Amino acid sequence: MKQKKVPMRRCVVTKEQLPKFELIRVVRTPDGDVIIDLNGKQNGRGAYLKKDITVIEKAYRNKILEKHLEVKIPDMLFEELREIVK
C-alpha cells in the first residue's frame, strides 16, 4: 500500500523543516487579526512555530512573528501559545 505524503513546513524561528503536525500555525487574517490556527486551514498569511517553549520565548523576545506577519502581535497571543505547548 502506498504511504501518504507528510506535509513539511519550516519553523520561522529555528528554520528547521518539520512535519506540519509538529508545528503551530499563527495566522494574520485578511481583516488584520492575528489568531492561532490549530487546524491549519484558516485563510491568511501564516507562520509556523515549533511546539517548544524556548522557541516561543525566542519569537517573543526577538519579535520574529511581527516581522513575518507584518503586524503587531498582542502579548495575550504568546500566553495562549505557551498554554498550548504545556
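Quick note: the coordinates plus some simple rules give every number you see, no bench work behind them. Bear in mind the structure is a predicted one, so any value in this text is a computation, not a measurement. Neighbour counts run over all protein chains shown; Cβ positions are idealised from the backbone, glycine included.
Considering each residue of the range 27-50 in turn, at least one proves to be assigned to a strand (DSSP E or B), small (Gly, Ala, Ser) and on the phi < 0 side of the Ramachandran plot. On the stretch given as the range 51-62, residues that are assigned to a loop (DSSP other than H, G, I, E, B) and more than 16 Å from GLU16 (Cβ to Cβ) total 0. Mind checking which residues of the range 38-50 are surrounded by fewer than 17 Cβ atoms within 10 Å (Cβ to Cβ) and among the charged types (D, E, K, R)? Answer for the range 38-50, where residues must be surrounded by fewer than 17 Cβ atoms within 10 Å (Cβ to Cβ) and among the charged types (D, E, K, R): LYS41, ARG45. In the range 27-37, of all residues being among the acidic types (Asp, Glu) and farther than 15 Å from CYS11 by Cα, the one that is surrounded by the fewest Cβ atoms within 10 Å (Cβ to Cβ) corresponds to ASP31. Among the residues of the range 1-13, which ones are more than 21 Å from LYS86 (Cα to Cα) and in contact with a helix residue (DSSP H, G or I) (Cβ under 8 Å, 6 or more places away or on another chain)? Residues satisfying the conditions are VAL6, PRO7, MET8, ARG9.
Report yes if ARG82 is in contact (Cβ under 8 Å) with a residue 12 or more places away in the chain and either in contact with a Leu (Cβ under 8 Å, 6 or more places away or on another chain) or part of a helix (DSSP H, G or I) (or both), otherwise no. Considered against the rule, which asks whether it is in contact (Cβ under 8 Å) with a residue 12 or more places away in the chain and either in contact with a Leu (Cβ under 8 Å, 6 or more places away or on another chain) or part of a helix (DSSP H, G or I) (or both), ARG82 comes out as yes.
Specify the residue that is surrounded by the most Cβ atoms within 10 Å (Cβ to Cβ); the eligible residues are those in the range 63-74 that are part of a helix (DSSP H, G or I) and free of Cβ contacts under 8 Å to residues at least 12 places away in the same chain. Give the derivation first.
Kept after step one, since they are part of a helix (DSSP H, G or I), are these residues of the range 63-74: 64-69.
Next, from what is left, pick out any that are free of Cβ contacts under 8 Å to residues at least 12 places away in the same chain: 66-67.
Details: GLU66: 15, LYS67: 12.
Only one residue fits best here, namely GLU66.
Residues that are in contact with a helix residue (DSSP H, G or I) (Cβ under 8 Å, 6 or more places away or on another chain) and part of a strand (DSSP E or B) were ranked within the range 14-26; the one that is surrounded by the fewest Cβ atoms within 10 Å (Cβ to Cβ) is ILE24.
Would you check which residues across the range 1-13 are loosely packed, with under 15 Cβ neighbours inside 10 Å and either aliphatic (A, V, I, L, M) or assigned to a loop (DSSP other than H, G, I, E, B) (or both) and list them? Within the range 1-13, MET1, LYS2, GLN3, LYS4, LYS5, VAL6, PRO7, MET8 qualify. Of all residues in the range 21-58, which are closer than 22 Å to LYS86 by Cα and over 10 Å from the mean Cα position of the chain (by Cα)? Those that are closer than 22 Å to LYS86 by Cα and over 10 Å from the mean Cα position of the chain (by Cα): PHE21, GLU22, VAL34, ASN39, ASP52, ILE53, THR54, VAL55, GLU57, LYS58.
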